[in-house]
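The values are calculated or read from the model by the stated rules, or taken from the named source; none is laboratory data. It should be emphasised that the depicted structure is a prediction, and the values quoted were computed from it without experimental measurement. Protein only, heavy atoms only, side chains kept; ligands, DNA and RNA dropped before computing areas. Shrake-Rupley method; radii C 1.70, N 1.55, O 1.52, S 1.80 Å.
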Amino acid sequence: MRGDAHVRRWKRIWLLYAFVGVLIAWPLIQTIHLLGKDAPVERADKLLYQVSLFQMELLGSYLQTGKASRKIRMR
């Protein structure tokens, strides 16, 4: 009986060590991976232009939908 409690205690301790090890290793691996990357291929101003164009198209479609529903309600 006493041996089972001892084994369970050691299992919990090793599980805790493994958990802490993963919590330490994972950010380190992510940081090393991030530092090893080259500069992004896309330019930031081009991506910003594409996003703003998409937002304007989305706004236009919302306005068209609102205009169409307003015509239906006015009848």
(Q) Being over 25 Å from the mean Cα position of the chain (by Cα), open to solvent by 100 Å² or more (accessible area, probe 1.4 Å) and at pLDDT below 90 is true for just one of R73, R12. Which residue is that? (A) R73
Q: State all residues of the range 36-55 that are in a helix (DSSP H, G or I) and under 19 Å from the mean Cα position of the chain (by Cα); if no residue qualifies, say none.
A: L47, V51
